[in-house]
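Chemist: There's a structure below that I have some questions on.
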Amino acid sequence: MRRVAIATSPHTDTDPELSKRPTRRRRSLIDRLRRANPAAGLASLVWLVIVVVPVYVMVNASFMPQGEALGGKLLEPAAHATFANYELVVRSGFFHLLLNNVIVTAATIAIVLVLCVPLAFAIVRARGSRALLVFRVFLLGLAIPPVVIIVPLYVMVSKVGLYDSLWAIILPTAAFAMPVTLLILVGTMRDISEELYEAMAIEGASPAQMLIRLVIPLSRGGISTVSVFAGLAAWNGLLFPLILTQSPQNQVLTTGLWGLSSQYGEDIPATLAALTLSGIPMLVLYLVARRALISGVMGVGGK
């Protein structure tokens, strides 16, 4: 009978050397453990607690009666949860304040984008010293706090007849948001490859076509970042609405909530309910634009 030799591989399942080798999943876990940074993880956890606990207290206390809120046990779940605080806020004209806030925020974002996107494109594509001079003049606005020029601003707004109107809030807010907006957009647009501009120029594209078809799509991260920045500045602004408006129909959330607190004798749960409602639109805006916002902050919006 002829013997048949069976070739065996030196690396079989019973090979002890093979069994000692880490699997792919195990190697991935080992690599992650090696790259772990316990100090950064602890700092992130502390930061999360600092941010989450006040938000929890605000939402939890907004459902408490006044007497329970004054008891000081704000970390415990509301024992007698009620929607009366939210009803009080709604009856006090909250939606009118919210509408004014939305108008001011949307108009501020629109003005900032309409002016700064073409200006940033012109600064990036221009080769002369004039564009650099314009850029530096705008950046001087970063060194001027609004409180320093509030008196001359009040005089100017009164002279042009815009006092006690929403435009008295919109225009100064947009003006003070433009320096940071321009700085971010210029940095984002400079990341766009020069070869892309040259390719569009060969195809006969005009500067306006380059802006619309090339620059704006590749700068979505930076545009989202400045939109959120300008929106937050308009949404949370207090100085301009407080000084440049007077009548109740032109109040926004910041001044309206201040009046609500005074009107009802420091009703803490009602004030916190109003703050909770006023924070929802900004939370929705962040959830919609979070990916583009993160990419813009990381400096990869134009890549």
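Chemist: Could you tell me which numbered condition Thr82 fails, if it satisfies all but one of (1) free of Cβ contacts under 8 Å to residues at least 40 places away in the same chain; (2) over 30 Å from Thr276 (Cβ atoms); (3) assigned to a loop (DSSP other than H, G, I, E, B)?
Modeler: Answer for Thr82: the failing condition is (2).
Chemist: Evaluate the following for Val160: is it of a type outside the set (Asp, Glu) and buried (at least 16 other Cβ atoms within 10 Å of the Cβ)?
Modeler: It is false that Val160 is of a type outside the set (Asp, Glu) and buried (at least 16 other Cβ atoms within 10 Å of the Cβ).
Chemist: Would you confirm whether any residue within region 112-120 is in contact with a helix residue (DSSP H, G or I) (Cβ under 6 Å, 6 or more places away or on another chain) and either open to solvent by 20 Å² or more (accessible area, probe 1.4 Å) or without any contact (Cβ under 8 Å) to a residue 12 or more places away in the chain (or both)?
Modeler: Looking through region 112-120, none of the residues is in contact with a helix residue (DSSP H, G or I) (Cβ under 6 Å, 6 or more places away or on another chain) and either open to solvent by 20 Å² or more (accessible area, probe 1.4 Å) or without any contact (Cβ under 8 Å) to a residue 12 or more places away in the chain (or both).
Chemist: Could you check region 183-204 and list, in sequence order, the residues that are more than 22 Å from Phe135 (Cβ to Cβ) and either under 22 Å from the mean Cα position of the chain (by Cα) or part of a loop (DSSP other than H, G, I, E, B) (or both)?
Modeler: Correct list: Glu203, Gly204.
Chemist: Oh, and also: Considering every residue within region 152-168, establish whether at least one is basic (Lys, Arg), at pLDDT below 90 and part of a helix (DSSP H, G or I).
Modeler: First, pick out the residues of region 152-168 that are basic (Lys, Arg): 159.
Filter again for at pLDDT below 90, leaving none.
No.
Chemist: Restricting the first residue to region 130-141 and requiring it to be within 14 Å of Val186 (Cα to Cα), which pairs with a second residue that is surrounded by 14 or more Cβ atoms within 10 Å (Cβ to Cβ) and not charged (D, E, K, R) meet a Cβ separation below 6 Å and a spacing of at least six or different chains?
Modeler: Partner pairs satisfying both residue conditions: Ala131/Ile123; Phe135/Ile123; Phe138/Pro179; Phe138/Leu182; Leu139/Pro179.
Chemist: Mind listing whichever residues of region 178-204 are without any contact (Cβ under 8 Å) to a residue 12 or more places away in the chain and of a type outside the set (Val, Ile, Thr)?
Modeler: Within region 178-204, Ser193, Glu194, Glu195, Glu198, Ala199, Ala201, Glu203, Gly204 qualify.
Chemist: Another question about this same structure. From the set of residues in region 205-243 that are over 20 Å from Ile123 (Cα atoms), outside any helix (DSSP H, G or I) and without any contact (Cβ under 8 Å) to a residue 40 or more places away in the chain, which is most open to solvent (accessible area, probe 1.4 Å)?
Modeler: Residues of region 205-243 that are over 20 Å from Ile123 (Cα atoms), as a first pass: 228-243.
Then drop every residue that is not outside any helix (DSSP H, G or I), which leaves 236-238.
The next check asks that each one be without any contact (Cβ under 8 Å) to a residue 40 or more places away in the chain; those that pass are 236, 238.
Values: Asn236: 97, Leu238: 79 Å².
Only one residue tops the list, namely Asn236.
Chemist: Sticking with this one: Inspect all residues belonging to region 131-139 and state whether any of them is farther than 30 Å from Asn250 by Cα, of a type in the set (Gly, Ala, Ser) and not in a helix (DSSP H, G or I).
Modeler: No.
Chemist: Continuing with the same structure: Of all residues in region 252-303 being of a type in the set (S, T, N, Q) and farther than 17 Å from Ala233 by Cβ, which is modelled with the highest pLDDT?
Modeler: Filtering first and then ranking leaves Thr276.
The values are calculated or read from the model by the stated rules, or taken from the named source; none is laboratory data. The structure displayed is predicted, hence computed values, not measured ones. We place every Cβ from the backbone using ideal geometry, glycine too, and count neighbours over all the protein chains shown. Calculation scope for accessible area: heavy atoms of the full protein, side chains included, ligands and nucleic acids excluded. Shrake-Rupley method; radii C 1.70, N 1.55, O 1.52, S 1.80 Å.
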